[in-house]
Amino acid sequence: MQATRGTTLSFRHRGVGLIACGIAILGIGLDQLVKWASVAYLTPGQPVEVLGPLLKLNLIRNPGAAFGMGANATVVFSSFAIIALLACLGYALPRITRLWHSIALGLLMAGITGNLIDRILQPPAPLHGHVVDMFQLPNFAIFNVADMCITFAAVIIVIMSFVGDRRPEGQS
């Protein structure tokens, strides 16, 4: 494998890629398991309190993006997710060099893929499927594990952008 202009990728560089893929697979699995359980055990429109009024389980099928925006643009969201996932796999994954890169990228790929699976497999039709959401906080959108993965990835990227990582490349 080649890294940049003739340098060979070290085991450490391949290792962070494997960590990213492992995190992605675990995140996708957890997301799909929670969605399956939510569909199996929750009734739409009948919220279940988990932590009193702070956290409820409230099953909805969201045709749009965050806060239900873009309900008529499901195929656009599906297409964007496919492009974003391909960019993560083809561009970002071969270039990551640090542990925090692998964590952020793994979470991002998990979130993108988790919701893309719904867009492809959930009714009403492939690429038009509605995303299964279930976690409800007061005065906030109803969301799922995939959404949390994307949010955590963004938080990691923002924090590390400000904190800065001054160690030489190849060190986590």
Mean accessible area per residue over segment 1-149 (1.4 angstrom probe, all protein chains present, square angstrom) is 56 Å²
Tilt, helix 74-87 to longest principal axis of the chain (alpha-carbon atoms), in degrees rounded to tens, equals 20 degrees
Relative to the chain, whose Cα atoms define the longest principal axis, helix 145-163 and its Cα axis are tilted in degrees, nearest 10, by 40 degrees
Here the relative contact order (percent) of the chain, from C-alpha pairs under 8 Å and at least 6 apart, is 30 percent
Helix-only [θ] at 222 nm, the chain, -39500 (n - 2.57) per DSSP H run of 4+, per residue, nearest 500, equals -17500 deg cm²/dmol
In the list [x] 56; [y] 28; [z] 22, the entry giving percent of Cα pairs over 29 Å apart computed from the coordinates is [y]
Note on segment 75-172: contact order normalised by length, alpha-carbon pairs under 8 Å, 6 or more apart, percent, works out to 31 percent
Whole-Å distance linking the alpha carbon centroid of segment 54-91 with that of segment 109-157 is 6 Å
The helix 99-121 Cα axis meets the longest alpha-carbon principal axis of the chain at an angle in degrees, between 0 and 90 and rounded to 10, of 40 degrees
Rounded to one decimal in nm, the spacing of the 7 Å Cα→Cβ label points at Leu18 and Leu127 is 3.7 nm
Stretched fully, the stretch from Trp100 through Ala154 gains (0.36 nm per residue minus C-alpha distance, one decimal, in nm) 18.3 nm
For segment 86-130, the Cα-Cα pair-distance distribution in 10 Å bins from 0, as whole percents, is 28, 39, 23, 10, 0
With label points set 7 Å from each Cα along the Cα-to-Cβ direction at Ile120 and Val39, the distance between them in nm comes to 1.5 nm
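The values are calculated or read from the model by the stated rules, or taken from the named source; none is laboratory data. Every value quoted in this text rests on a predicted model; they were computed, and no experiment measured them. Positions of Cβ are backbone-derived with ideal geometry, glycine not excepted, and every protein chain shown enters the neighbour counts. Accessible surface is based on the protein model in full, side chains and every heavy atom, while ligands, DNA and RNA are left aside. Shrake-Rupley method; radii C 1.70, N 1.55, O 1.52, S 1.80 Å.
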